[in-house]
Amino acid sequence: MQISLAPLLATGRTQFSKDHSGQLHFPTLAAWEQKHAELLATGQLEPGYFCNQSAYGTYSTQCSESNMACEFELEQAWKTTFPSSQRVHYSKAFTWMNRHLPGIGKLTAALCASDVVYIGRVQMHSPQEMGAIVLQIDTGAKKALSNFGLAPGCL
């Protein structure tokens, strides 16, 4: 099954992605816009059908299907940086997403990179790699690692 990175990140964890799980490959922005318009024309869609603004944690007003043009441009940059013939190391995907995806922080970049593992474009992280990323994210998980003695002295 082919999946476009742009719609995956914009529509992940939405009713749209559930209803159309086998049809998430849009080779161009025009193909996405055609499907989007077709579904909007039904007049039967609930708010948030295309974009779950809480999909990656805190509600984000920057998550919108209106960002799709930007997402397709970023997909081309992704493909240029990471040719499809190779699976990307998790930490490289995390760093790229954190730098390039609009309006997201380190935690959301890690969650997005994890989503792309499932479509086979990013390698599953090792425990050490994820531990290093958790330390970079610098939130509550860092304290938990220290409390469990898994990352002594990291606080």
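If you go through the range 110-120 and keep only what is over 19 Å from MET68 (Cβ atoms) and open to solvent by less than 50 Å² (accessible area, probe 1.4 Å), you end up with ALA110, ALA113, SER114, VAL117, GLY120. Applying the condition of being surrounded by 16 or more Cβ atoms within 10 Å (Cβ to Cβ) and either β-branched (Val, Ile, Thr) or touching a Pro at 6+ places or on another chain (Cβ under 9 Å) (or both) to the range 80-109 and asking which residue is modelled with the highest pLDDT yields THR95. Within the range 12-36, residues that are closer than 16 Å to ASN67 by Cα sit with their Cβ atoms under 8 Å from residues that are open to solvent by 70 Å² or more (accessible area, probe 1.4 Å), at 6+ positions apart or across chains, in these pairs: LYS35/GLN23. May I ask you to verify whether ILE119 is part of a loop (DSSP other than H, G, I, E, B), aliphatic (A, V, I, L, M) and either under 17 Å from the mean Cα position of the chain (by Cα) or at pLDDT below 85 (or both)? Answer is yes for this residue.
The values are calculated or read from the model by the stated rules, or taken from the named source; none is laboratory data. Computed from a prediction, not measured in an experiment: that's the story for all the values here. No Cβ is skipped: glycine too gets one built from the backbone with ideal geometry, and neighbour counts run over all protein chains shown. For accessibility, only protein heavy atoms count, side chains too; no ligands or nucleic acids. Shrake-Rupley method; radii C 1.70, N 1.55, O 1.52, S 1.80 Å.
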